[in-house]
Structures are given as structure tokens and as C-alpha cells.
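Read-outs: derived from the displayed coordinates by stated rules, not from any lab. The structure displayed is predicted, hence computed values, not measured ones. No Cβ is skipped: glycine too gets one built from the backbone with ideal geometry, and neighbour counts run over all protein chains shown.
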Amino acid sequence: MCGRFTLTVDPSELQDSFGDFTFPDQFAPRFNIAPTQPVLAIPNDAKNKADFFLWGLIPSWSKDPSIANKLINARGETIAEKPSFRGAFKYKRCLILADGFYEWKAQEGAKTKTPYFIHMKDRNPFTFAGLWDEWQSPNGDALRTCTIITINPNELMSTLHNRMPVILDKKNYADWLDPAPRTPESLLHLIQPFPADKMSAYPVSTMVNSPGNDRAELVVPA
């Protein structure tokens, strides 16, 4: 799964890295983004503009918004069939901005898992493949939410966990953000592990275990 990640770069750096998109003028660096919190995402609405969505998908048809707590991740192998995801996979896809994420490794003989910080070797920001939707509350308020797609791990991630988030190559952004309805067959080839040789990981402090901790010390090697 993917349960915590970071976005610590400023808007100008994102603009340099993703010149085809526009971003908010300012936002605070985040070192411990957790489920139910705002995440920066680019939806496939043909505007190529990033905005904040709540992490945890609430399908438009849902009667209970608490379902978001169960839908922070979507398994890539089943998104075309699962009722919670198949509509969004066809109609509402997004890129979720990040520059790192965390995973917890079980250590033999240890009672607690060791958190690891995973990032690109070049330290550049990247994007998770995501799905989004808009939910109307009973009082008429619109709430936009999203989920991160996961897949079997690459060689690096398999040493830490049995899942990893789907990270999209820039050459596939236009395909993923196509505003037109898409068949599963036309997109499933994008749901695959990112090359391990472009990624790096190292252990960090267990301070990251608490979502209340959100500061630069969290990504310092332990």
C-alpha cells in the first residue's frame, strides 16, 4: 500500500519539472501527508491545472463519506472491476504530486517495523497514478477526493513491502489525463511497477509513525 508521502518542493520547482501544468501560487512543504488530508493532484478535466483533493476516495454514488478511510489505495489488478473504482478508472483519472513516500519494513526479531523513505535518485518530484471523484454532501457541498493506485513491487520495493504505488513516466501523462472515457484495455498497460534503478530508499526515524509530526527531520536518514 501507500499510506504516507511527501511534497516538499515549492510551486516554482513543480512548474520547472512539469511545465505543461499550472500550480497554486503557494503551499506549505509537507513531510508526512496522511490519508484524509489534502493532496495536490491534476485531474483529467482538460484544464491541466493542479488543485487540492482529499486523500481517500468517496465515489459519487456513496451514501457514507466514511468510506474514504477504506479507499486510500486502489489495487491496480482489480480497478477495472471493483465497483468503487471502475467508474473513476474509465472517466476520472489524475496525477498526484509527490517527491517521496514512506514504507515500513518488518525486521526479524523486532517488535516494530522500520520506516523507509523512498525517492527518485535524481531527487526530482514525480506523480502517482490516481483516481478522483466528486461527492455531493446532503447539504449540497461538493467534495473532491482521490485514491492512489498500487501494484506489485519492483526489485527495490520488494525488500520493503509487497505493494508499491504506481508511478507514471512523463511520456504517459497525456494518455492518463485524456478527458475522454477510456476502456480498461487502453490503460492497463500503464499500471506497472516503476523501474527500480531510478529509485532509492533509506531508513528514517519512527517519528514518521505519527501523522501529527510533519517536519524536515522526518526525511533525515536514521
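Pairs from the table (82/171; 49/171; 82/105) lying more than 21 angstrom apart at Cα are 82/171; 82/105.
In plain terms, the residue of 148, 67, 191 with the fewest other Cβ atoms within 10 Å comes first and the most crowded comes last, giving 67, 191, 148. Amide H contacts of residue 60: 134, each under 5 Å away and 5 or more positions distant or on a separate chain (H built 1.01 Å from N in the peptide plane; Pro and chain starts excluded). Looking at the chain, the DSSP beta bridges with both ends there are about 85 percent antiparallel. For the stretch 110-124, putting each phi into the Karplus relation 6.51 cos²θ - 1.76 cosθ + 1.60 with θ = phi - 60° gives couplings of 9, 6, 10, 7, 9, x, 10, 9, 10, 8, 6, 4, 7, 6, 7 Hz, in residue order, rounded to whole numbers and with x for Gly and Pro.
Computed from the C-beta positions of residue 13 and residue 155, the FRET efficiency with R₀ = 25 Å rounds to 0.30. Modelled this way, with points 7 Å down the Cα-to-C-beta line, the labels at residue 110 and residue 70 are 3.2 nm from one another.
Ranked for footprinting exposure by Cβ neighbours inside 10 Å, fewest first, 49, 171, 90 give 171, 49, 90.
Near residue 1: Cβ cut-off under 12 Å, other residues only, Lys/Arg at +1 and Asp/Glu at -1. The net charge is +3. Model label points for residue 27 and residue 200, set 7 angstrom from Cα along the Cα-to-Cβ axis, are 2.5 nm apart. For the stretch 171-181, the Karplus equation 6.51 cos²θ - 1.76 cosθ + 1.60, evaluated at θ = phi - 60°, returns couplings of 5, 9, 4, 4, 5, 5, 8, 4, x, 6, x Hz by residue, with Gly and Pro reported as x. Placing a label point 7 Å from the Cα of residue 217 along the Cα-to-Cβ direction, the residues of the stretch 33-61 whose backbone N falls under 18 Å from that point are 33. Helices in the chain, meaning DSSP H runs of at least 4 residues, each add -39500 (n - 2.57). Divided by all residues, the mean residue ellipticity at 222 nm is -1500 deg cm²/dmol. Go ahead and run the numbers for FRET between residue 36 and residue 171, Cβ-Cβ distance against an R0 of 35 Å, rounding to 0.05. Efficiency at R0 = 35 Å is approximately 0.60. This ranking places 202, 91, 116 by how few other beta-carbon atoms lie within 10 Å of each, fewest first, which gives 202, 91, 116.
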